Amino acid sequence: MPLCRTLAAALLFHGVLAAAAGAADDTLFEAKVRPVLAGTCFKCHGGERTGGKLRVDSRDALLKGGESGAAAVPGDPDKSLLLRALRREKDVPPMPPGKALPPETVAAFAAWVKAGAKWPAPRPGDVAFAARRHWAFEPVRAVEPPPGLAAHPVDRFLDAKLRDKGLSPAGRADKRTLIRRATFDLTGLPPTPEEVDAFLADDAPAAFARVVERLLASPHYGERWGRHWLDVVRYADTAGETADFPVPQAWRYRNYVLDAFNADKPYDAFLREQVAGDLLAARLPPDAAPGRHAELVVATGFVGVARRFGYDVLKDHNLTVDDTLDTLGKSVLGLALGCARCHDHKYDPIPATDYYALYGIFESTRYPFPGCEKTKTPRDLVPLQPRGKSPADTAYAVAEGDPHDAQLHKRGDPDARGEVVPRRFLTVLGGQPLPPGSGSGRLHLAGWLTDPKNPLTARVMANRVWQGHFGQGLVRTPNDFGTRGEPPTHPELLDWLATRFVASGWSVKALHRLVMLSEAYRRSSGNGDDDNSLLSRFGRRRLSAEEIRDAMLAASGGLDPSPGGAHPFPDEKTWGFTQHAPFAAVYDNNRRSVYLMTPRLRRHPFLALFDGADASSSTAARHTTTVPTQALFFMNDPFVHARADSLAGRLAELPDDRARLDRASRLLYGRPAASREHEAATRFLEGYARELAEEPPARRRRTAWAAWLRVMLSSNEFVYLD
C-alpha cells in the first residue's frame, strides 16, 4: 500500500475481523482508538502530512515512530511517546495541539498499549465487511413501526423516542397556520384568502388531506420542489469558467426537472434519464410518444451543466469531470466522492481506484461547450431529434464519446498518470464491472444507482423530502451519509420511509403524503426539545429567498404564472467575454423566481441577499443569515416599493380602510387584522397623509398605504413560517 494512501484505507479497511483470542482488544481499538487516530491524529500524521516524520496509520508506523523515537512501546504506556503526548507531560509536545482529549479517551489508549497495541490484521473480504459496519452501507431494513397510541406510523416512530426522553409532543397547530405551512412547503407561495376560508369551513376529518392533494396537483408544486433538486445539482445558466459564458440552452434542463416533479416521474426513472437519457432515447421504438426523444436528451443536462473551469476549458476538462463526480456522489448517494480524487478517501471506504473507475465513464462521454473554449470548436450541442440541425433544436446535453478506461491521476494530477482502472461501480456498493461493449457505461451506472439493493439512493432522497418539510433531515448532513456525516436521529424511521418509497414505485408525491399527514407535521411550533432533533414540535423557519420574492409578487397581483423559457442573452455573434471582462447580467421579470437567470459565479443580487443557493457547488441545505442589508432591502429596494404600490392599488378598490387592512393581512399573513393593528394603521395612514398634503388626495392615500404595506412586508410574520 503506497504511503500516500489515506487513513481510511489503513484504519477502516485494515483488520475488522480478528482472531477470537484478541476480540476484546480489537473491540477497544475499533471503538476507542481507531476513531481518534482517524479523526484527529491523521490530520498531521497521515496522508501527505507527516509532522515530525511520524505516521499513525499502522502499527508498524507507530512502533517505528518519528524523529523523537517510537510512538508506542507495546505493554508500556509510560514509555510510549504517544501516551506521554496525549497526557500532555511537560517534556513532550502536547497532542493534539489545543484542546486535550477527554481523560477517558487517554485511558483507552493506555489500556490498548498496555495490552500490546494490537492492530487487527487484514483478511480477504475485510473491505466489504468494514463498509457494512457503517450504518449507511448496510442494507435498508424492513422495519415495523413500534407500538403506540398514534394512528400514523411516522408518529409511532417519533413518539417512541420522545417517551424515552420523557418528552411530550406539542399540540396541533391551528388551521390557518397549517394551511399556510403546507402551501408554502408544496408550492412556495402563500395560500389565497379564499383557500384559507375553504379549509376553515371544511370540518371533515379528511379536510387537510384534500388540501395536500390539491397542492400536489398544482403546477406550482414542481416549481417549488424542482428548485430543491436544482440546488443539489448546482444548476446554472452560465458555464462557470473565468469568463462565465452564457449557456442559452440550459433552461431546457431546468424545465425538465420542474415537469418531472409535477408529473411525479418515478425517482428511479428520473435518475436514469439524467445519467443516460440519450442512450435511452436511442432505444425508443418508432412509435414512441412525440417529444419523448427530446425529453430524454434534455434530461442529461444533469451531466451537461457541470461547471467549466479555467481559461482553457478543454485543457481543464478533467476538473469538469471531477465536478460531475462530486455532484453525482453528493446528490444521489450522499457521498463525498471528490475526496478520493487525489488519494484513497480519508474516512469512507472509497479508494482512488473506485473514483477513477467512475471517472472513466464520464471521460468516455462527450460534453457540450458554450463557446468558451480558448480556440473555438464545434459546439457539440445535442440535437433534440435524431436528425435535428437547427441551433434552436439543440440541448446542452451529453452524448457518447470514445469509450475507454481512465488512468489513475497520481495526487489528482492529470499529468501524472498511473495504472489503468477498469470502469465499474463503487466497491462498497457491489463493485459491478462494466460488461464489454457497453459504450461509456453511463447506462449501466444509471442501473447501479437505482438498483433497489443499493442502500443509499432511496435513503438519501427520503431524507431530502423529510428535510424539505421539517427544515432538517433525519440525517442532518444530507449530502454526506459517510462516516464523517451525522448518523440519523431516527434510523428505523429513515429505513421505513426508504422502504415505502421504493414500494410506492419511487413516487416522491407518495412520500409527501406519508410525511404531511402525520401528527408530527401538524404540530405547533411551541416549546419542545432544544434543537428539535426529536421533532417534539414543528421547527419555525424563515421563507427562502424565492418564497419571499414570489409571495410579494403573488400578494400584489403581479405574479406571472406562466412557465419561463430562454433568457434574453446577447446575440452569440457579439460574445467576446474574457476573464477580465466576464459575462454579467441580471434579467428580472415577474415570473416565479425559479425562472430567473442563474449565473454560476455572480448570484442574482436578491437571491444572494436572502441566502439563495450557490450555483458553484451542490447546496444540500440553505443556511439562514440575518444581516442589516436585508432590513434595508425592505425599506429601500425599488422591487419592494413597486410591489407595495401595486398592492395598494388593489386595495384601493375596497370601500374603506378597515376592509383594506383586513384584505392586506389576509393576503400577507393568512389571517384578518387584529383591533390593535387597525388602530396602529389608522394613526400611521393619517399621519403619513398629512406629510403629503401637497399631493392630490387619491395619490396621497395610495402613497401612505404603500408605506404601511412596506412595514407589513418587512415583518417577521410575513417572512417566517410557523
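The values are calculated or read from the model by the stated rules, or taken from the named source; none is laboratory data. These figures come from a predicted structure and were not determined experimentally. Note that each Cβ is placed from the backbone with ideal geometry, even for glycine, and that neighbours are counted across all protein chains shown. In case anyone asks, the SASA skips ligands and DNA or RNA and just uses the protein heavy atoms, side chains included. Shrake-Rupley method; radii C 1.70, N 1.55, O 1.52, S 1.80 Å.
Tally Lys/Arg at +1 and Asp/Glu at -1 over every other residue whose Cβ is under 11 Å from the Cβ of Gly565; what's the total? Mind showing how you got there, number by number?
Numbers: positive: Arg252, Arg254, Arg591; negative: none.
Computed value for this residue: +3.
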Along the charge dipole of region 619-722, which of Leu632, Ala664, Tyr688 sits closest to the positive end, that is, farthest toward it, with unit charges on the beta carbon of Lys, Arg, Asp and Glu (+1, +1, -1, -1)?
-> Ala664
Whole-number percent relative contact order across region 327-435, with pairs defined as alpha carbons under 8 Å at least 6 apart | 28
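How big is the Kirkwood radius of the chain, worked out from every pair of different alpha carbons and given in Å to one decimal? Write down the numbers at each step before the final one.
Values: mean 1/r = 0.0350 Å⁻¹.
Value: 28.6 Å, from the Cα pair sum.
Assigning unit charges at the beta carbon (Lys, Arg +1; Asp, Glu -1) and nothing else, what dipole magnitude in debye, to the nearest 20, does the chain show about its Cα centre?
In debye, rounded to 20, the chain gives about 760.
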How far, in degrees from 0 to 90, does helix 638-651 lean away from the longest principal axis of the Cα atoms of the chain, to the nearest 10?
-> 40
The chain: relative contact order as a whole-number percent, Cα under 8 Å and 6+ apart | 15
Tell me the label-point distance for the pair Asn636, Asn589, using the 7 Å Cα-to-Cβ offset, in nm and rounded to one decimal.
-> 3.0
Here the net charge surrounding Cys339, from other residues whose Cβ is less than 12 Å away from its Cβ (Lys, Arg +1; Asp, Glu -1), is -2
Given labels modelled 7 Å from the Cα in the Cβ direction, how far is it in nm from Leu517 to Val719?
-> 3.7
How big is the charge dipole of region 600-722 about its Cα centre, in debye rounded to the nearest 20, if each Lys and Arg gets +1 on its Cβ and each Asp and Glu gets -1 on its Cβ?
-> 280
Log entry: pair-distance distribution for region 434-534, C-alpha pairs binned every 5 Å from zero, whole % per bin is 2, 11, 20, 21, 17, 11, 8, 4, 3, 2, 1, 0, 0
For Glu295, solvent-accessible area (1.4 Å; no DNA, RNA or ligand), Å² = 60
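Please work out the FRET efficiency for the pair Ala115 and Ser616, using the Cβ-Cβ distance as r and a Förster radius of 45 Å; give the result to the nearest 0.05. Present the calculation step by step, with values, prior to reporting the outcome.
Details: r = 49 Å, r/R0 = 1.09.
Calculated transfer efficiency: 0.35.
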Label point 7 Å out from Ala680 along Cα-to-Cβ: which residues of region 695-722 have amide N under 19 Å?
-> 704-722
In degrees, nearest 10, the alpha-carbon axis of helix 457-470 is tilted away from the dominant principal axis of the alpha carbons of the chain by 40
Nitroxide proxy distance, nm - points 7 Å out along Cα→Cβ at Thr192 and Asp413 = 6.5
Karplus-derived 3J(HN,Hα), 6.51/-1.76/1.60, for each residue of region 235-245, Hz, glycine and proline x | 5, 8, 9, 10, 7, x, 6, 4, 8, 6, 4
Nearest-ten-degree value, helix 267-281 long axis tilted from longest Cα axis of the chain | 80
Each residue of region 541-547 in turn: what ³J(HN,Hα) in whole Hz from Karplus with 6.51, -1.76, 1.60 and θ = phi - 60°, glycine and Pro shown as x?
-> 9, 7, 4, 5, 4, 5, 5
Any of Lys346/Lys410; Lys64/Lys118; Lys315/Lys410; Lys32/Lys346; Lys32/Lys161 with alpha carbons more than 23 Å apart? Name them for me.
-> Lys32/Lys161
Nonlocal amide H pairs with Arg523, under 5 Å, H built at 1.01 Å | Ala173
HN-Hα J in Hz across region 511-524 - Karplus 6.51, -1.76, 1.60, θ = phi - 60°, x for Gly and Pro | 5, 4, 4, 4, 7, 6, 8, 7, 5, 4, 5, 8, 6, 6
So Ala263 and Lys90, fully extended at 0.36 nm per residue minus their Cα-Cα distance, gain in nm 55.5 nm
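Under the rule of -39500 (n - 2.57) per DSSP H run of 4 or more residues, summed and divided by the residues of the chain, what mean residue ellipticity at 222 nm is obtained, to the nearest 500 deg cm²/dmol? Walk me through the numbers before you get to the answer.
Values: 29 runs with 297 residues, N = 722.
Only helices count here, giving -12000 deg cm²/dmol.
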Would you mind counting up the charge near Ser616? Only other residues with Cβ under 10 Å from its Cβ, with Lys and Arg at +1 and Asp and Glu at -1.
-> +2
Hull volume in cubic angstrom per residue (convex hull over the Cα atoms of region 538-607) = 123
Under-5 Å amide H pairs with Gly66, H placed in peptide plane, nonlocal only = Ala71
Length gain on complete extension for the stretch Val711 to Asp60, per 0.36 nm per residue less the alpha carbon to alpha carbon distance?
-> 227.5 nm
May I ask you to order 262-273, 74-85 by the average number of other C-beta atoms within 10 Å around their residues, highest value first?
-> 262-273, 74-85
Which whole-number percentage describes the relative contact order of region 544-685, with Cα contacts under 8 Å and a sequence gap of 6 or more?
-> 25
Under 5 Å, built H, 5+ apart or other chain: amide partners of Thr238 | Val247, Arg600
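So, by mean Cβ neighbours within 10 angstrom, what's the order for 161-167, 201-207, 52-58 with the highest one leading? Walk me through the numbers on the way to the answer.
On the way: 161-167: 12.7, 201-207: 10.3, 52-58: 19.9.
With the highest mean Cβ count within 10 Å placed first, the list reads 52-58, 161-167, 201-207.
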